[in-house]
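What follows is a short report on a single structure.
Computed from the coordinates by the stated procedures, all read-outs in this text should not be read as laboratory data. No experiment lies behind these values; they were computed from the predicted model shown. We place every Cβ from the backbone using ideal geometry, glycine too, and count neighbours over all the protein chains shown.
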Ligand SMILES: *Cc1c(COP(=O)(O)O)cnc(C)c1O
């Protein structure tokens, strides 16, 4: 195997046709040419988020848009509920605290999704809560949350629902308008197949009302500045022109295939990898697995770090390990964006080879076969 397979949950591989677009000569952003590109990208993002509302594009990593989703709708002393079931839920809480927002944490066991009723209970007990912050795919545990069910609860209250879809967008099903989401946060380097550097916020009408009363300090990420520029299909500051041009190509690919077909393809990859893990006698870490990234528990005798090292050095397949308490316990394989089914099969071959080398007992080829059966190849 001489290809390199980047199967980490961000960054993800950037397909060659997108890279070629980004290699073209620089253009200026205050031009009709760029405005047309930016308009297409914004409309494409609306299709992917499934919203008729505003979608803003920032030059930052995804965390910048997480911060934007806090500073634009809250004031100091406001109370929010944050679902904490992994590193990224924790980050929402940490950003909020940095701005003097009071965080009511809903701590859920890592690898599980929050029970929607638990959110309903917390909202009942704390009627003054301004917003609920949750994650579509908690990447650190490869777990998908039931945002649709959470949306049904939150939309009946005065609180906003803010969802981090940075790794879930374009991989796990997501419907901004239909599910009653108020702000969705996205990033460029995961399911959208472009390099790190762009972040997005989709914003509902209900969220706009909160923008009007928000008093937290903000400058670069001020939604109002973006809204004002947006009317002229422009950005308030210099656009990350090259990345936006790459994103235009990525969106063309996604919309040509169809957003729902892209999601269905990710589901198939997720089911295939989970079937492979089972066939190899291994456990999937999450009880509510994402279809864009899979966490697999590696027995101590084999060692997750050993698997990662062998796969990278001998087979060119880069996986991610576990974070915090999951360090050395799990491997995480992303199968989102530019990772296609062929990558999945090749990675599973390398995974089997690494497991065999490390003395794990299984029927050779069983994982690859199980995955192929699901994928129909
Ligand atoms: C990757 C990721 C982030 C962080 O994004 P950065 O681009 O590193 O700032 C936040 N949330 C989730 C769910 C992620 O997967």
Revision key, fill the gap. With label points set 7 Å from each Cα along the Cα-to-Cβ direction at residue 225 and residue 324, the distance between them in nm comes to 3.2
Practice item. Note the angle between two axes, namely the Cα long axis of helix 341-357 and the longest principal axis of the Cα atoms of the chain, as a number of degrees from 0 to 90, rounded to the nearest 10. Key: 50
Review point. Let a ≥ b ≥ c be the square roots of the eigenvalues of the Cα gyration tensor of the range 16-256; is it rounded (a/c under 1.5), or, if not, prolate (a/b larger than b/c) or oblate?
Key: prolate
Exercise for review: Using a Förster distance of 41 angstrom, determine the FRET efficiency expected from the C-beta separation of residue 99 and residue 152, and round it to 0.05.
Suggested key: 0.90
Practice item. Report Rg(Cα)/(2.2 N^0.38 Å) for the range 230-358, keeping two decimals. Key: 1.29
Point to revise | Calculated FRET value between residue 215 and residue 300, using beta carbons and R₀ = 56 Å, to 0.05 | key: 0.65
Revision key, fill the gap. Protection proxy (average C-beta count within 10 Å per residue), highest first, orders 330-336, 151-157 as 330-336, 151-157
Exercise for review: Quick one: order 75, 69, 286, 188 by neighbouring beta-carbon count within 10 Å, fewest to most.
Suggested key: 75, 286, 69, 188
Practice item. Return the whole-Å distance between the Cα centroid of the range 112-141 and the Cα centroid of the range 221-263. Key: 29
Revision key, fill the gap. If R0 = 41 Å, then residue 373 and residue 52, at their Cβ-Cβ distance, give a FRET efficiency to the nearest 0.05 of 0.55
Check your understanding: Any idea what the relative contact order of the range 219-377 is, in percent, if you count C-alpha pairs under 8 Å spaced at least 6 apart?
Key -> 24
Exercise for review: Mind giving me the nanometre distance, one decimal, between the label points for residue 358 and residue 36, set 7 Å out from Cα along Cα→Cβ?
Suggested key: 5.2
Exercise for review: Any chance you could give the angle, 0 to 90 degrees and rounded to 10, that helix 116-125 forms with the longest Cα principal axis of the chain?
Suggested key: 30
Revision key, fill the gap. In whole angstrom, the spacing between the Cα centers of the range 81-102 and the range 282-348 equals 26
Review point. Can you sort 360, 266, 28 so the residue with the fewest Cβ neighbours within 10 Å comes first?
Key: 28, 360, 266
Exercise for review: Note down the nm distance, to one decimal, between modelled labels 7 Å out along Cα→Cβ at residue 109 and at residue 4.
Suggested key: 4.0
